[in-house]
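J.: Quick one: structure below, then a few questions.
The values are calculated or read from the model by the stated rules, or taken from the named source; none is laboratory data. All values derive from a computational prediction rather than experimental measurement. Quick reminder, even Gly has a Cβ in these numbers, built from the backbone with ideal geometry, and neighbours come from all protein chains shown.
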Amino acid sequence: MTESTRTEANKTVKYPSIHLQAGRQKRVVNGHPWVYSNEVQMDAAAKALPAGSPVRLLEPSGKPVGIFTFNPHTLVAARLLSTDPAAVIDGAFLERRLRAATELRDRLFGRPFYRLVHAEADGLPGLILDRFGDVVTVQANSAFIDQRMDLLLEALDRVLAPRAVILRNDSNQRGLEGLAEENRLAKGELDGPIRLEENGSVFFADPLGGQKTGWFYDQRDNRAFIAGLAKGARVIDFYSYNGGFAVQCALAGAESVVAVDRSQAALDNAARAAEANGVAARFEARRADAFEEMERLGAAEERFGVVIADPPAFVKSKKDLAAGSRAYRKMTRLAARITAPGGYLLCASCSHNVDPPAFAEQVARGLTDAGRTGRILRSAGAAPDHPVHPHLPESAYLKAIVMQLD
Ligand code: SAH
């Protein structure tokens, strides 16, 4: 069944047509979901379209490619919504995409705690949803989604009927789309941090006040892997945030776990999770700057069986590439120095501007700077609730390298 035959009330909708320029159609016809502004015929009518308008994209020959969302003001001018040229982009469309995304996650995890929608890979460009049981957080990073927020909230009600919905609309991307910052409760009420589960542990997050959407589900599998190495070890988790790595290591039988972060609010959530999982006696929250604490511990000749360093993005834009790359190298050097011989070190990067080989190179250099050798046990990305569009491999932003050091 095509998308157009399943719309509300048998509407026929005629979207404005946008033509690809001659010779510029190949990438899109081959399945890439983005069209750059210099690839379309940007005539006066196209330029006048409001950002976020659905359009019918046509090959130079007039053959339809599909329905795209259009923004004449951004470098990526058109983003694929449906390969069905008769698709109607209404509440039913959003609902179908939400249902498909939910079914996938439920099959993957069985518990209702996950990234629910991951933008293009789930057929909803610019939309990020995270689910915490009956609470959902929304990041609307495109004009297309921003304008349809009411339709989206209604569709979300039909699919999940969440108790509360939180808009975390403070991403850099919104600025590029000309959208204002806006963090607010769009539905329901929240009384304090919300509870979530991951890999059998319980955690707390504050999606209105915390970083991004309150929890980083992307590290789920990497947390499980490192926890599997933590039994009997002294563990230190730098940039611990709400304690995802630290508490899972404690629950897996670590001798002791230190969570280091400069945010007291994050450490409070981590301590609360340690309490809820019955590991508070082996858990310490330490408020400090990560590099300073690594230097201090190194100078004091402290050693840990497991060291975790999963920082915020050091390379937020291309201009930070050199400085940020040096920071990953330094982080690895300082963290390697306090990793016990035979111990395990996890270094991670969520900077999408640094590709996996470039990150691996900085990690290798940092290891050598520290005078250490070892072996990579795992090079991984984000968990499968962060799927990747096959034609946008660069959107796989997360890199985690786990090594055993000699
Ligand atoms: N590792 C975390 C995610 C890290 S988010 C997880 O598994 O969920 C980044 C965290 O780094 C935030 O909690 C932030 O407060 C902290 N942070 C940022 N700069 C820091 C610094 N210089 N020293 C210590 N913590 C820092």
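J.: Has the range 333-346 got any residue that is in a loop (DSSP other than H, G, I, E, B) and in contact with a strand residue (DSSP E or B) (Cβ under 8 Å, 6 or more places away or on another chain)?
T.: Yes.
J.: Inside the range 139-257, counting only helices (runs of 4 or more DSSP H) that do not spill past its ends, which hold 3 or more residues that are without any contact (Cβ under 8 Å) to a residue 60 or more places away in the chain and not assigned by TED's automatic domain parsing to the domain that holds residue 337?
T.: Once the helices (runs of 4 or more DSSP H) in the range 139-257 are filtered for at least 3 residues that are without any contact (Cβ under 8 Å) to a residue 60 or more places away in the chain and not assigned by TED's automatic domain parsing to the domain that holds residue 337, what remains is 149-159, 172-176.
J.: If you take the residues of the range 298-325 that are within 16 Å of the ligand (Cβ to nearest atom) and charged (D, E, K, R), which of them is nearest to residue 338 (Cα to Cα)?
T.: 310
J.: Okay, next question. Among the candidates 266, 285, 281, 271, which residue alone is free of Cβ contacts under 8 Å to residues at least 60 places away in the same chain, in a helix (DSSP H, G or I) and within 12 Å of the ligand (Cβ to nearest atom)? Spell out how you get there, then give the answer.
T.: Details: 285 fails: in a helix (DSSP H, G or I); 281 fails: within 12 Å of the ligand (Cβ to nearest atom); 271 fails: within 12 Å of the ligand (Cβ to nearest atom).
That would be 266, the only listed residue that is free of Cβ contacts under 8 Å to residues at least 60 places away in the same chain, in a helix (DSSP H, G or I) and within 12 Å of the ligand (Cβ to nearest atom).
J.: Name the single residue that is nearest to the chain's Cα centre (by Cα) among those in the range 313-332 being of a type in the set (A, V, I, L, M) and part of a loop (DSSP other than H, G, I, E, B).
T.: Kept after step one, since they are of a type in the set (A, V, I, L, M), are these residues of the range 313-332: 313, 315, 321-323, 327, 331.
When the remaining residues are screened for being part of a loop (DSSP other than H, G, I, E, B), the result is 313, 315.
On the way: 313: 12, 315: 15 Å.
Only one residue tops the list, namely 313.
J.: Suppose the filter is within 18 Å of residue 274 (Cβ to Cβ), more than 9 Å from the ligand (Cβ to nearest atom), of a type in the set (A, V, I, L, M, F, W, C) and surrounded by fewer than 24 Cβ atoms within 10 Å (Cβ to Cβ); does residue 224 pass it? If you could, list the steps in order and put the result at the bottom.
T.: Details: within 18 Å of residue 274 (Cβ to Cβ): yes; more than 9 Å from the ligand (Cβ to nearest atom): yes; of a type in the set (A, V, I, L, M, F, W, C): yes; surrounded by fewer than 24 Cβ atoms within 10 Å (Cβ to Cβ): yes.
Judged against the criteria, residue 224 is a match.
J.: Could you pull out the residue among 72, 112 that is in contact with a Gly (Cβ under 8 Å, 6 or more places away or on another chain), free of Cβ contacts under 8 Å to residues at least 60 places away in the same chain and either closer than 28 Å to residue 397 by Cβ or among the aliphatic types (A, V, I, L, M) (or both)? Walk me through it before giving the result.
T.: Working: 72 fails: in contact with a Gly (Cβ under 8 Å, 6 or more places away or on another chain).
Answer to the check: 112.
J.: Considering only residues that are within 16 Å of the ligand (Cβ to nearest atom) and within 17 Å of residue 318 (Cα to Cα), look in the range 343-374 and name the one that is farthest from the chain's Cα centre (by Cα).
T.: Looking at residues that are within 16 Å of the ligand (Cβ to nearest atom) and within 17 Å of residue 318 (Cα to Cα), I get 359.
J.: Does the range 211-220 contain any residue that is over 13 Å from residue 139 (Cα atoms) and over 14 Å from the mean Cα position of the chain (by Cα)?
T.: Scanning the range 211-220 turns up no residue that is over 13 Å from residue 139 (Cα atoms) and over 14 Å from the mean Cα position of the chain (by Cα).
J.: Could you check, for the range 312-330, whether at least one of its residues is without any contact (Cβ under 8 Å) to a residue 12 or more places away in the chain and either closer than 30 Å to residue 102 by Cβ or outside the structural domain of residue 240 (by TED's automatic domain parsing) (or both)?
T.: no
J.: Do you know which residues across the range 12-27 are surrounded by 14 or more Cβ atoms within 10 Å (Cβ to Cβ), under 23 Å from residue 176 (Cβ atoms) and modelled with pLDDT of 95 or more?
T.: Within the range 12-27, 18, 20 meet the criteria.
J.: With respect to residue 336, determine if the residue is buried (at least 19 other Cβ atoms within 10 Å of the Cβ), away from the ligand (no atom under 11 Å from the Cβ) and over 26 Å from the mean Cα position of the chain (by Cα). So that I can check it myself, show each step before the final result.
T.: Details: buried (at least 19 other Cβ atoms within 10 Å of the Cβ): yes; away from the ligand (no atom under 11 Å from the Cβ): yes; over 26 Å from the mean Cα position of the chain (by Cα): yes.
Judged against the criteria, residue 336 is a match.
J.: Continuing with the same structure: Among (1) within 12 Å of the ligand (Cβ to nearest atom); (2) touching a helix residue (DSSP H, G or I) at 6+ places or on another chain (Cβ under 8 Å); (3) within 30 Å of residue 71 (Cα to Cα), where does residue 218 come up short?
T.: So residue 218 meets the others, but not (2).
J.: Confirm whether residue 143 is in contact with a His (Cβ under 7 Å, 6 or more places away or on another chain) and over 16 Å from residue 215 (Cα atoms). Give the steps one after another, and end with the answer.
T.: Numbers: in contact with a His (Cβ under 7 Å, 6 or more places away or on another chain): no; over 16 Å from residue 215 (Cα atoms): yes.
Criteria not met by residue 143.
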